[in-house]
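Notes for the one structure printed next.
The values are calculated or read from the model by the stated rules, or taken from the named source; none is laboratory data. What you see is a predicted model, and the numbers here were worked out from it, not measured in a lab. As a convention, Cβ positions derive from the backbone with ideal geometry for all residues, glycine included, and neighbour counts pool all protein chains shown. Accessible surface areas use protein heavy atoms only, side chains included; no ligands, DNA or RNA. Shrake-Rupley method; radii C 1.70, N 1.55, O 1.52, S 1.80 Å.
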Amino acid sequence: MQFSIIIPVYNVENYLKKGVESVLQQTFIDFELILVDDGSKDNSLNLCYQLQKIDNRIQVIAKENGGASDARNVGINAAKGEYIMFLDSDDYWDDTEALNKIATTIQSKPETELLLFHWKNLNLKNNQMIVFPNQYDEQSIRLGNREEVIKSLFNSDLFPSSAVITVTKRTFLLENNLFFTKGIKAEDVDWTLQVITKANHFLALNLNCYVVLLHREGSVTSTADAKSIDSVLYILDKWTPVFLKNETEVNKLLLGHLAFHYATCFITYNQLSKSEQKNYLSKLKKYLFLFNYSHNPKTSIVKKLIASFGVNTGSKIIGLLFSLRKRIRK
């Protein structure tokens with residue numbers, strides 16, 4: 001079996017079937033589809049069992065609620081495929097040849113531990129598909145060592161922060177204990193850093209098949225709160241010392257990557273109560289130096305606003321700009 005495709009399921013009865021069908025419709029048939037129900041309170045688990053009756057490649061695992069990270073980890077431990085992929089339960093693939101293209105690419109370099117592909121966004125408010133123009137330098141990633149691959153990804157502005165555009169060798173994950181951290185919102189950011197800093201054999205494929213639904217009601221990714229800041233601070237506490245130990249060109253790029261996620265905290269900070277802001281002010285100020293590694297235009301804007309107006313006023317301006325941008329995009 002070549003692929004194990006893991007879908008964590010939680011209260012998505014209106015969306016799950018489309019994602020599952022997009023996998024079952026693949027022309028490449030050598031896969032298992034693992035549906036991990038994470039204690040859904042709606043009809044999602046029953047739907048999982050109904051879908052299982054349609055195709056014997058579907059495996060259903062029911063567990064108590066533990067979050068998406070826990071559900072993915074359960075899926076990894078249950079998987080039997082050579083390569084592991086992830087699909088969020090409200091998303092889908094729109095290319096029936098996707099798995100075939102990925103399998104063919106991997107066959108040309110069987111030692112591959114990590115393959116990257118693309119996603120695009122479907123805005124549910126106006127039904128507009130948003131496709132990003134950036135392309136991987138496939139050849140440099142195929143032939144490069146880890147440092148060269150990381151540089152190439154940053155040069156293309158395609159350094160990943162999401163598991164759903166990855167294909168990873170299962171034995172590589174298990175041997176390096178590369179599981180998702182439970183209890184944080186930004187688990188994908190942490191996991192992709194773990195994977196990329198451990199992998200030695202890479203591929204990239206300019207395959208744009210993964211569709212992310214924007215503005216889905218009840219989506220976890222559409223909400224921001226104090227836990228969002230806690231999650232980023234966890235990542236900063238974990239990874240900043242690692243990259244500061246030796247400020248190579250690559251580690252400076254990775255510190256810039258951390259700076260980008262750090263910058264998002266100031267959007268959330270503006271939405272907190274006064275007492276919550278007081279609690280997070282010193283914690284956020286601790287990492288202001290990360291802005292010195294910024295190589296992203298959006299991060300640079302946040303850096304200038306915070307430097308010019310301070311955290312409190314600067315975050316208000318950032319919040320206004322973010323709200324304006326959202327209105328324009330509707």
For the condition of a type in the set (S, T, N, Q) and surrounded by 23 or more Cβ atoms within 10 Å (Cβ to Cβ), what is the one hit in 89, 40? 89
Is one or more of the residues making up segment 60-67 within 20 Å of the chain's Cα centre (by Cα), closer than 21 Å to residue 212 by Cα, open to solvent by 60 Å² or more (accessible area, probe 1.4 Å) and touching a residue at least 12 places away in the same chain (Cβ under 8 Å)? no
Has segment 190-197 got any residue that is touching a residue at least 60 places away in the same chain (Cβ under 8 Å), open to solvent by 20 Å² or more (accessible area, probe 1.4 Å) and either among the aliphatic types (A, V, I, L, M) or farther than 17 Å from residue 212 by Cα (or both)? no
Between residues in segment 247-271 that are open to solvent by 40 Å² or more (accessible area, probe 1.4 Å) and residues that are among the polar types (S, T, N, Q) and in a helix (DSSP H, G or I), which pairs lie under 7 Å by C-beta distance while being six or more apart or on different chains? 260/299; 270/315
For segment 1-16 the number of residues that are open to solvent by less than 70 Å² (accessible area, probe 1.4 Å), closer than 19 Å to residue 63 by Cβ and outside any strand (DSSP E or B) is 3
Give the residue that is surrounded by the fewest Cβ atoms within 10 Å (Cβ to Cβ), with candidates limited to residues of segment 135-153 that are within 20 Å of the chain's Cα centre (by Cα) and outside any helix (DSSP H, G or I). 135
Determine if segment 223-241 includes at least one residue that is touching a residue at least 40 places away in the same chain (Cβ under 8 Å), of a type in the set (Val, Ile, Thr), open to solvent by less than 30 Å² (accessible area, probe 1.4 Å) and over 30 Å from residue 172 (Cα atoms). yes
